[in-house]
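A short worksheet on the structure shown next.
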């Protein structure tokens, strides 16, 4: 099992990255939320990966953090009708903190707005994953995130909620806060994220 890959980023697009390692270029399928965090081509990159083997293909999926990779695996292994393509689409639209929060709170509307996801699939995500993503808003997930990422995820969720209270749509608020977090770093406070997103 290939759990991570580190090498030279030779090219990147919103849904794919090519990482060269020991003279071999590996095509890695990535969500937009990971593509946003990639360095410029020519720099070293590390992606946390999952390989899916099918009769006619071997596909490598990569994520910025182990928690994102584990959540991707959780979706494709536990939710009927959600395969790698749909799971990647969901994770491209929503950051992990917002996705977990939507599942925990039973927010069908936010989940159903993801491309390829209808109301029925959104309901299945909630029913089949609610018990697996943590019991409270202070818990990031049951997937083993450390305290620093828990604090960052809470700040992210709170900042998204604040923008939504100001009238932003969920996915737009999430994207604005993700961009702010890229600039400010993982330890940014809720207030700092909101201020940056509103600039």
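The values are calculated or read from the model by the stated rules, or taken from the named source; none is laboratory data. Remember, it's a predicted structure, so these values are computed and weren't measured experimentally. Heads up, the Cβs are rebuilt from the backbone with ideal geometry, glycines too, and the neighbour counts pull from every protein chain shown.
In segment 54-63, the condition of being at pLDDT below 95 and crowded, with 19+ Cβ neighbours inside 10 Å is met by no residue. When you look at residue 123, is it under 23 Å from residue 169 (Cα atoms) and buried (at least 23 other Cβ atoms within 10 Å of the Cβ), yes or no? Considered against the rule, which asks whether it is under 23 Å from residue 169 (Cα atoms) and buried (at least 23 other Cβ atoms within 10 Å of the Cβ), residue 123 comes out as no. Summed over segment 34-86, residues that are at positive phi and either without any contact (Cβ under 8 Å) to a residue 40 or more places away in the chain or under 13 Å from the mean Cα position of the chain (by Cα) (or both) total 1.
Answer yes if at least one residue in segment 81-97 is surrounded by fewer than 17 Cβ atoms within 10 Å (Cβ to Cβ), more than 24 Å from residue 186 (Cβ to Cβ) and either modelled with pLDDT under 90 or assigned by TED's automatic domain parsing to the domain that holds residue 30 (or both), and no otherwise. The answer is yes, given that some residue of segment 81-97 is surrounded by fewer than 17 Cβ atoms within 10 Å (Cβ to Cβ), more than 24 Å from residue 186 (Cβ to Cβ) and either modelled with pLDDT under 90 or assigned by TED's automatic domain parsing to the domain that holds residue 30 (or both).
Would it be correct to say that residue 122 is at pLDDT 85 or above and in the same structural domain as residue 176 (by TED's automatic domain parsing)? Before you say what the answer is, go through the steps one by one.
Values: at pLDDT 85 or above: yes; in the same structural domain as residue 176 (by TED's automatic domain parsing): no.
For residue 122, the condition - at pLDDT 85 or above and in the same structural domain as residue 176 (by TED's automatic domain parsing) - is not met.
Counting only strands (runs of 3 or more DSSP E) that sit completely within segment 1-102, those holding 3 or more residues that are touching a helix residue (DSSP H, G or I) at 6+ places or on another chain (Cβ under 8 Å) correspond to 44-53, 58-63. Going through (1) without any contact (Cβ under 8 Å) to a residue 40 or more places away in the chain; (2) within 14 Å of the chain's Cα centre (by Cα); (3) crowded, with 19+ Cβ neighbours inside 10 Å one by one, residue 104 falls short only on (2). Number of residues in segment 107-119 that are farther than 15 Å from residue 164 by Cβ and either buried (at least 20 other Cβ atoms within 10 Å of the Cβ) or out of contact with any helix residue (DSSP H, G or I) (no Cβ under 7 Å at 6 or more places or on another chain) (or both) equals 2.
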